Amino acid sequence: MIGKNIQKAAELIQKGEVIGIPTETVYGLAGNALNAQVVAKIFAIKKRPTFDPLIVHISDLRQVELLSKPRLPESFYILARHFWPGPLTLVVKKSDLIPDIVTSGLDTVGIRMPAHPMTQQLLRLCGLPLAAPSANPFGYISPVTAEHVARQLGDQIPYILDGGRCQIGLESTIVDCTVTPVRILRKGGISVEKIAEALGYSPEVQTHSTDNPKAPGMLSSHYAPRKKLILTDKENVFEQYKYDAHVAFIRYQAPKERPFEQRILTTDNSDAQAAMNLFYYLRELDELPNIHLIIAEKAPNHGLGPAINDRLQRAASEIL
Ligand code: TXA
Ligand code: MG
């Protein structure tokens, strides 16, 4: 069931249920992070391998002290101060309060304070940290509306809290604060440039772990539509398929007219707008019955562009 009743959502969480929640990045599949059985249920519903750790969501900075081991690194405080609440997950050493299943046995935990007002209220009402992966079946495109969640997981969860369309539209950026200099483990809703600016140095970016990993969710085929997707920056590829009615285009910005399916990620050259539209359009095109192939254009390589390209690369079966 989809609804906007935060009180009901909080009660379900307290009872040990797993529910869909909105965040500013993507929808999450949330449950009490302190209860191993609840967390096991999250893995089962998502069909997620247990080697892929979950992010823990909080609403108050003081919760971090309970969930982590002292002392928190300076980089944690700098980044939390700059970007929380917001699309940033910070990896720190975990305390014993967090069951091992949450972190897939790692001695670290990824923590995020989401900015979505309904989720903040939910977190305060239920008084618990929430473990929440993106609310999609493992390997599929992350959901950015409550309906997306309902269509795929609706029959397995009692409630989906509807917070409208996600405004960031890309998962959080993940930064490992347990190392110096810090390391970016996943590109996401906050650009590498912004993180560098806050820190006063350029962090290492290490997002390419293919099979084992510090960010195990970063398997190379992830966020994938069911349909074949080609990622390219070559205009002649678009030219070649221009009149093929079974091929849909995702263009970065205002392109040439096309008589068939085409989605434009941004109309005013805004990386934030492009990010917000990416998963929404990918799903839309993936669900069109007469489309056999999606061709997507690479985003420019700055701001949120690299995060957009990262998701498109993982969705692509071919890069031209
Ligand atoms: O924006 C987001 O982060 C969304 C919303 C719901 O908050 N959540 C999300 O969760 O994208 P998920 O489960 O789809 O991706 C979480 C990823 C894992 O796959 C893993 O790569 C990384 O976070 N992660 C979690 N804990 C970690 C840890 N202790 N060390 C390294 N990476 C970790
Ligand atoms: Mg995910």
Checklist entry - With respect to the numbered conditions (1) within 16 Å of ligand 2 (Cβ to nearest atom); (2) without any contact (Cβ under 8 Å) to a residue 40 or more places away in the chain; (3) closer than 22 Å to residue 163 by Cβ, which one is the sole condition not fulfilled by residue 45? => result (2)
Checklist outcome for this item: Taking the range 124-145 and the residues there that are surrounded by 24 or more Cβ atoms within 10 Å (Cβ to Cβ) and either more than 10 Å from ligand 2 (Cβ to nearest atom) or among the hydrophobic types (A, V, I, L, M, F, W, C) (or both), the one that is nearest to residue 77 (Cα to Cα) would be 129
Checklist outcome for this item: Scanning the range 142-176 for residues that are in a loop (DSSP other than H, G, I, E, B) and touching a strand residue (DSSP E or B) at 6+ places or on another chain (Cβ under 9 Å) gives 142, 143, 157, 158, 159, 162, 163, 171, 172
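Tell me the residue from 92, 109, 102 that is of a type outside the set (Phe, Trp, Tyr) and within 16 Å of ligand 2 (Cβ to nearest atom), please.
Within the list 92, 109, 102, the selection yields 102.
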Next on the checklist: Please go through (1) aliphatic (A, V, I, L, M); (2) modelled with pLDDT of 95 or more; (3) touching a helix residue (DSSP H, G or I) at 6+ places or on another chain (Cβ under 6 Å) for residue 272 and return the number of the only condition it doesn't satisfy.
Outcome noted: (3)
Checklist entry - On the given criteria, is residue 320 at negative phi and crowded, with 19+ Cβ neighbours inside 10 Å? => result no
Next on the checklist: Just the residues that are buried (at least 24 other Cβ atoms within 10 Å of the Cβ) and either modelled with pLDDT under 95 or more than 16 Å from ligand 2 (Cβ to nearest atom) (or both), please, taken from the range 147-160.
Outcome noted: 160
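State whether the residues of the range 279-286 include one that is surrounded by fewer than 18 Cβ atoms within 10 Å (Cβ to Cβ), out of contact with any His (no Cβ under 8 Å at 6 or more places or on another chain) and among the charged types (D, E, K, R).
Looking through the range 279-286, at least one residue is surrounded by fewer than 18 Cβ atoms within 10 Å (Cβ to Cβ), out of contact with any His (no Cβ under 8 Å at 6 or more places or on another chain) and among the charged types (D, E, K, R).
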Next on the checklist: Exactly one of these conditions fails for residue 277: (1) over 25 Å from residue 151 (Cβ atoms); (2) among the polar types (S, T, N, Q); (3) modelled with pLDDT of 95 or more. Give me its number.
Outcome noted: (1)
Next on the checklist: Could you check the range 130-146 and list, in sequence order, the residues that are within 7 Å of ligand 1 (Cβ to nearest atom) and of a type in the set (S, T, N, Q)?
Outcome noted: 134, 142
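The values are calculated or read from the model by the stated rules, or taken from the named source; none is laboratory data. Model, not experiment: these values are computed from the prediction. As a convention, Cβ positions derive from the backbone with ideal geometry for all residues, glycine included, and neighbour counts pool all protein chains shown.
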